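**Student:** Sharing a structure here in structure tokens format.
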Amino acid sequence: MVSDLALSPHGLIFLDQQGVLSRLEEMMVGLNNNPMMGLLLPGFIKFFGSIAKSDPKEVLSKFDSFVRMVLSSIDGNDPTLKAVSLDTVGFIALKPEGKLALEKI
């Protein structure tokens, strides 16, 4: 439900104003100590990747933890996280704005 709301421009602004996106990023960072990390982290990465596709410059600059998580997952040993992270980078890079934003990180 949150991902559907985040895909609309007004919904994304609302979620950001209410602090939902920041809270989701905090939850994603806190998964390192959670035994359910393997199940939850791919969903968080996909969520932030889908909103980064619509506004890559802002999302990639605002959510540093998401960027670090994706980049570390690409270099990591977990094949599921590696695949999701590579898909996310490719998804963000579909548009020229996404390629430019990715180049700057």
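**Student:** Please give me, ordered by residue number, the trypsin sites (Lys or Arg not before Pro) of the range 31-105 that lie in loop per DSSP and have at most 13 other Cβ atoms within 10 Å.
**Tutor:** 104
**Student:** OK, next. Of the listed values (1) 20, 18, 11; (2) 40, 13, 9; (3) 30, 12, 10, identify the label whose number matches semi-axes √(5λ) of the Cα gyration tensor in Å calculated from this model.
**Tutor:** Correct label is (1).
**Student:** Need the full-extension length gain, residue 20 to residue 71, defined as separation in residues times 0.36 nm minus the C-alpha distance. One decimal, nm.
**Tutor:** On the way: separation 51, 0.36 × 51 = 18.36 nm, distance 2.30 nm.
So the extension gain works out to 16.1 nm.
**Student:** Need the list of aspartates and glutamates near residue 62 for cross-linking: C-alpha distance under 15 angstrom, and skip anything on the same chain fewer than eight residues off.
**Tutor:** Partners within reach: 16, 25, 26.
**Student:** Counting pairs of alpha carbon atoms under 8 Å apart in space and at least six apart in sequence, what relative contact order in percent does the chain give? Please report the intermediate quantities before stating the final value.
**Tutor:** Values: 85 pairs, mean separation 27.2, N = 105.
That works out to 26 percent.
**Student:** Something else about it: Starting at the first residue of the range 24-29, write each ³J(HN,Hα) from the Karplus equation 6.51 cos²θ - 1.76 cosθ + 1.60 with θ = phi - 60°, in whole Hz, x for Gly and Pro.
**Tutor:** 5, 5, 4, 5, 5, 5
**Student:** On to the next question. Rounded to the nearest 500, what is the 222 nm mean residue ellipticity of the chain from helices alone, with -39500 (n - 2.57) per DSSP H run of 4+ residues and division by all residues?
**Tutor:** Values: 8 runs with 83 residues, N = 105.
It lands at -23500 deg cm²/dmol.
**Student:** Under unit Cβ charges (Lys, Arg +1; Asp, Glu -1), what dipole magnitude, rounded to 20 debye, does the chain have relative to its Cα centre?
**Tutor:** 140
Where a number appears in this text, it was derived from the coordinates with a stated rule and is not lab data. Just so it is clear, the structure is predicted and the values come from calculations on it, not from any experiment. For neighbour counting, all protein chains shown are included, and Cβ atoms are generated from backbone atoms with ideal geometry for every residue, glycine included.
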